[in-house]
Amino acid sequence: MIMAPIIKTESLVKDFGKIRAVDHLNLEVEERTIFGFLGPNGAGKTTTINILCTLLSPTSGRAFVNGYDCVKEPHKVRSSIGIVFQDMTLDKDLTAFENLLFHAYLYGLNREKAKARIEELLNFMGLYDRKDEPVKRFSGGMKRRLEVARGLMHYPKVLFLDEPTLGLDPQSRANLWEHIIKLPETQGVTVFMTTHYMDEAEVCQRVAIIDHGRIIVEGSPDELKRMVGGDVVYFRARDNKRAIRILKEKITAQIDEGDGEVFVHGVKGDVCIPEIIRLLGEEVLSVRLQRPTLNDVFLKLTGRGLREGAQEDEFKESIRAYRRRFDRG
Amino acid sequence: MIEVRVVYVIVMRELIKFLREKGRLVSTMARPLIWLFFVGMGMSRLVPQDVTGTDYMRFLFPGIIGMTILFSAIFSSISIIWDKEFGFLKEILVAPVSRFSIVLGKAISGTLLSTIQALIIMLISPLIGIYPSTGEIVSSFFMIMLLSFSISTLGIVIASFYENLESFSMIMNFIVMPMFFLSGAMYPVQKLPLILRYASSLNPLTYGIDGLKHVLLSEGINLDFPFYIDIGVLAFSSMVFLFLSTLVFEKIR
């Protein structure tokens with residue numbers, strides 16, 4: 001079944017002076033999916049979101065959301081979308097409830113409907129017991145969840161999330177994600193999110209990787225990762241040398257050894273692991289699988305990492321990425 | 001197009017925030033009282049009655065009401081800059097509502113809050129020998145509302161040109177204080193040098209304070225303009241500011 005895309009851009013261009021932030025962008029996003037818009041800082045992600053949200057007008061090209069033209073029918077587009085901006089846009093002096101009520105009135109819900117919806121969404125986002133507290137007492141993760149709830153208040157068709165987990169601690173990130181992945185099913189929305197965290201993009205049905213305002217590749221996370229040439233299987237055997245000898249007779253993949261482990265490159269892990277067990281039997285002491293990440297995809301296509309030049313905090317994240325690279329040998 | 005619910009919810013937000021910030025009320029009420037009693041009492045020893053046409057404290061009183069309105073209306077309107085800085089303005093600007101409704105909501109919030117504060121200052125009028133009749137109270141109420149609306153809309157125009165909180169002291173020093181000094185609040189506009197008199201005649205506050213003098217101090221005082229001019233200029237300037245602020249709001253992204 002072919003559905004009309006809920007978001008569509010045709011050769012979208014946005015220039016800021018001499019700088020071309022978005023360069024002939026063609027996008028199609030299917031309804032009720034999570035679409036990841038991935039790229040390094042300054043790649044044009046936020047600019048694209050701002051055009052789709054009618055906050056910026058494109059230099060040329062066209063953009064449609066829910067079938068409405070973002071330039072010609074901005075009011076209809078605005079009624080169809082909910083937005084969580086990169087920076088917090090809550091009123092810290094108002095309570096969670098008041099923030100949502102304000103939003104409901106802006107979008108034309110009446111008081112009764114608004115109250116029921118607020119209750120539903122605060123429960124859904126796990127904030128109901130804090131509804132009468134001023135937002136300034138909320139943690140970063142709670143504020144984000146409240147913003148997601150607010151973005152959903154008026155039953156939008158598309159929810160835009162611009163770097164939703166930026167600056168959150170790992171626990172809050174995980175918690176927010178638990179909620180976001182349920183959205184297409186429970187709320188019937190399409191989620192369009194930008195991020196430069198690789199692991200977050202993994203939950204998207206489709207991912208577009210953008211660099212210098214252009215989409216350099218698009219597909220499901222699995223498709224993209226297969227581009228880098230498959231998984232790496234690591235295992236330890238009683239006698240690594242002998243294991244390698246046995247495997248090399250049967251498997252064509254590249255096999256190396258180091259640090260007490262054997263690694264088999266460029267394979268489909270789910271097929272390769274049973275094969276190894278079958279061939280080596282009790283020889284095998286441990287097996288682990290290293291899947292390629294979207295960062296590897298970006299690295300392969302552009303020759304640099306997604307996070308390179310990224311100024312943010314995330315010291316731990318970079319250490320983890322560093323270790324991962326070393327672990328792989 | 002005016003969306004009543006939008007205007008309503010913007011006004012409600014400002015009211016709730018105002019009532020929660022007890023400190024703001026205290027400080028906006030303290031300023032006019034300090035000027036009235038500290039500056040007023042000092043000046044009344046220096047200024048002869050024939051310059052102002054009445055006792056200086058009485059002469060100053062309408063100006064102090066004007067000052068209350070000036071500060072609270074400008075404060076209320078430039079909360080738009082706060083909203084820009086803290087991001088909340090984006091939440092309003094991406095909503096499917098007309099810019100005019102947003103501007104009108106802000107203007108009415110400013111008008112309401114400064115009218116309330118000006119009326120509180122009105123309560124102390126007997127302390128300085130002004131005993132307004134019921135009719136005078138009603139007229140001052142309308143004058144106060146009109147002036148509040150004019151200054152609030154002016155404040156929105158000003159606020160839409162500034163991006164961040166650093167601009168706050170700029171606005172205070174280069175717009176608000178000169179507006180106060182060139183408003184006839186402290187000295188009759190006719191006694192000013194020609195160039196300052198021209199500057200004063202461009203200041204909406206001048207007409208508001210003059211109008212309040214008409215209402216509260218009718219007898220024997222040196223007034224600057226006929227009453228209908230005061231009303232006319234305030235009404236006209238409000239419309240111009242309202243139009244301008246809607247125009248600049250359309251441009252904000």
Within the stretch A:64-92, residues within 12 Å of chain B (Cβ to nearest Cβ) and in a strand (DSSP E or B) come out as A:Y68, A:I81, A:G82, A:I83, A:V84
Selection from the stretch B:74-101 of residues facing chain A (nearest Cβ under 9 Å) and among the hydrophobic types (A, V, I, L, M, F, W, C) yields B:F86, B:F88, B:L89, B:I92, B:L93, B:V94, B:A95, B:V97
Residue under evaluation B:V6, criteria (1) surrounded by fewer than 20 Cβ atoms within 10 Å (Cβ to Cβ); (2) in contact (Cβ under 8 Å) with a residue 12 or more places away in the chain; (3) not hydroxyl-bearing (S, T, Y), criterion not met: (1)
Would you mind listing the helices (runs of 4 or more DSSP H) fully within the stretch A:195-294 where at least 2 residues are farther than 27 Å from A:K182 by Cα? A:240-250, A:269-280
So, in the stretch B:201-228, of the ones that are among the β-branched types (V, I, T) and in a helix (DSSP H, G or I), which residue ends up modelled with the lowest pLDDT? B:V215
Looking at (1) of a type in the set (A, V, I, L, M); (2) more than 11 Å from chain B (Cβ to nearest Cβ); (3) surrounded by 20 or more Cβ atoms within 10 Å (Cβ to Cβ); (4) over 24 Å from B:E21 (Cα atoms), which is the only condition A:A116 fails? (3)
Which listed residue, of B:M57, B:M41, B:M12, is crowded, with 16+ Cβ neighbours inside 10 Å and either away from chain A (no Cβ under 14 Å) or in contact with a strand residue (DSSP E or B) (Cβ under 7 Å, 6 or more places away or on another chain) (or both): B:M57
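Every residue, every condition in (1) in a helix (DSSP H, G or I); (2) in contact (Cβ under 8 Å) with a residue 24 or more places away in the chain, yes or no:
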site	(1), (2)
B:I151	yes, yes
B:I158	yes, yes
B:M172	yes, no
B:S183	no, yes
B:I195	yes, no
B:A199	yes, no
Can you name every residue in the stretch B:195-238 that is surrounded by fewer than 17 Cβ atoms within 10 Å (Cβ to Cβ) and within 15 Å of the chain's Cα centre (by Cα)? B:L202, B:A235
For the stretch A:7-28, check the following and say yes or no: at least one residue is outside any helix (DSSP H, G or I), within 14 Å of chain B (Cβ to nearest Cβ) and basic (K, R). yes
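One line per residue, one yes/no per condition, for (1) in contact with a strand residue (DSSP E or B) (Cβ under 8 Å, 6 or more places away or on another chain); (2) of a type outside the set (S, T, Y); (3) surrounded by fewer than 18 Cβ atoms within 10 Å (Cβ to Cβ); (4) within 13 Å of chain B (Cβ to nearest Cβ):
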| site | (1), (2), (3), (4) |
| --- | --- |
| A:L94 | yes, yes, no, yes |
| A:R111 | no, yes, yes, yes |
| A:K131 | yes, yes, yes, no |
| A:P134 | yes, yes, yes, yes |
| A:G140 | no, yes, yes, no |
| A:V148 | yes, yes, no, no |
| A:D162 | yes, yes, no, yes |
| A:R173 | no, yes, no, no |
| A:F192 | yes, yes, no, no |
Output for the stretch A:101-134, where each listed residue is of a type in the set (F, W, Y) and in a helix (DSSP H, G or I): A:F102, A:Y105, A:F124, A:Y128
Hey, among the residues in the stretch A:70-123 that are among the β-branched types (V, I, T) and free of Cβ contacts under 8 Å to residues at least 40 places away in the same chain, which one's nearest to A:V158 (Cα to Cα)? A:V77
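Listed here are the residues, each with its yes/no results for (1) under 19 Å from the mean Cα position of the chain (by Cα); (2) surrounded by fewer than 16 Cβ atoms within 10 Å (Cβ to Cβ); (3) modelled with pLDDT under 95.
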residue	(1), (2), (3)
B:R99	no, no, yes
B:I120	yes, yes, yes
B:I128	no, no, yes
B:I151	yes, no, no
Conditions first: (1) buried (at least 23 other Cβ atoms within 10 Å of the Cβ); (2) assigned to a loop (DSSP other than H, G, I, E, B); (3) more than 11 Å from chain B (Cβ to nearest Cβ). A:Y155 passes all but one, so which condition is the exception? (1)
How many residues are crowded, with 21+ Cβ neighbours inside 10 Å, more than 9 Å from every other protein chain (Cβ to nearest Cβ) and not in a helix (DSSP H, G or I) if we restrict to the stretch A:41-63? 4
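The values are calculated or read from the model by the stated rules, or taken from the named source; none is laboratory data. Computed from a predicted model, the values in this text were never measured in an experiment. Methodologically, a virtual Cβ is constructed for each residue, glycine included, from the backbone with ideal geometry; neighbour enumeration extends over all protein chains shown.
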